[in-house]
1. Is the range 1-14 home to any residue that is among the basic types (K, R), over 22 Å from I190 (Cβ atoms) and modelled with pLDDT of 90 or more?
2. With K221, K228 as the choices, which residue is in a loop (DSSP other than H, G, I, E, B) and free of Cβ contacts under 8 Å to residues at least 24 places away in the same chain?
3. If we scan the range 100-119, do we find a residue that is under 30 Å from G42 (Cβ atoms), at pLDDT below 90 and not in a loop (DSSP other than H, G, I, E, B)?
4. Taking into account only those residues within the range 1-48 that are among the basic types (K, R) and not in a helix (DSSP H, G or I), which is surrounded by the fewest Cβ atoms within 10 Å (Cβ to Cβ)?
5. Which residues, counting only those in the range 71-99, are farther than 27 Å from F46 by Cα and open to solvent by less than 60 Å² (accessible area, probe 1.4 Å)?
6. Quick check: anything in the range 54-71 within 19 Å of Q205 (Cα to Cα) and either under 16 Å from the mean Cα position of the chain (by Cα) or without any contact (Cβ under 8 Å) to a residue 12 or more places away in the chain (or both)?
Amino acid sequence: MSDFVLSCKDLWKSYKRPVLSNLNIDLPSGRIIGLLGPNGCGKSTFMKLVMGLLVADSGTITVCGEPRSEETNSYISYLPERTYFSRGMRVEELISYFSDFYEDFDASLARSMMADLGIETSARLKTLSKGTKEKIQLIMVMARRARLYLLDEPIAGVDPAARDYILKTIIGSYNPEASVVITTHLIHDIEPVLDEFFFMGYGGQILMSGNADEARAAYGKSLDDLFKEVFSCSRRY
């Protein structure tokens, strides 16, 4: 088995301009990894390519040592940037649906995390706030026992009071043999849980990457401050 849960080689994706240009990434197993960069730099495009929702112009994607395919999607639990559940469903119906659809879904874990956040499983989604629906979607994703979790801006619409619980409990409850990839521009908020990081600039270029603790020790600053410095320098050229 590959040492990397996800590998991308020479990955290109363009629309009217390059979104990802010659992207090379190897993501290790058992880590929480931040794919960090400003809006519009290609983070969401990268995740959609991994899931097969978009097709790359060129390059290869390998998931758990296997070429990306519909079969490798079963290894991945994916949180898209927008909610997609039917508004008329009750939360308990959603739990039942996931239990039927995913063999690795832990319904009791989902109910426990919802109870901790005060979410009534009898409620219909259409009666809930946007932030609550985003919490539910994240819980449903993290209650699977997947090998790779792809979380696209998981805390962008979440109130600050719930962020600590989400980062430390929901995201922290993942399968320890799996990896979690979090895309965000809110680097300060997500930084405490990260093991590894990749700074992505416009055009999908990786500006810097490494171990989060080692980078903070080497540069004497937070990842948030380090990103601002690296990204500022990259825009000069």
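1. So in the range 1-14, the residues among the basic types (K, R) come out as 9, 13.
With the extra rule that they be over 22 Å from I190 (Cβ atoms), the set shrinks to 9, 13.
Still in the list and also modelled with pLDDT of 90 or more: 9, 13.
Yes, the range 1-14 contains at least one residue that is among the basic types (K, R), over 22 Å from I190 (Cβ atoms) and modelled with pLDDT of 90 or more.
2. Details: K228 fails: in a loop (DSSP other than H, G, I, E, B).
Going through K221, K228 in turn, just one is in a loop (DSSP other than H, G, I, E, B) and free of Cβ contacts under 8 Å to residues at least 24 places away in the same chain: K221.
3. no
4. So in the range 1-48, the residues among the basic types (K, R) come out as 9, 13, 16-17, 31, 43, 48.
Now drop any that are not not in a helix (DSSP H, G or I), which leaves 9, 13, 16-17, 31.
Working: K9: 14, K13: 21, K16: 5, R17: 8, R31: 16.
Ranking the qualifying residues of the range 1-48, first place goes to K16.
5. G88, M89, V91, L94, I95, S96, S99
6. Yes.
The values are calculated or read from the model by the stated rules, or taken from the named source; none is laboratory data. Bear in mind that the values here come from a model prediction, so they are computed numbers and not experimental data. Cβ sites come from the backbone with ideal geometry, for glycine too, and all protein chains shown count toward neighbours. Accessible surface areas use protein heavy atoms only, side chains included; no ligands, DNA or RNA. Shrake-Rupley method; radii C 1.70, N 1.55, O 1.52, S 1.80 Å.
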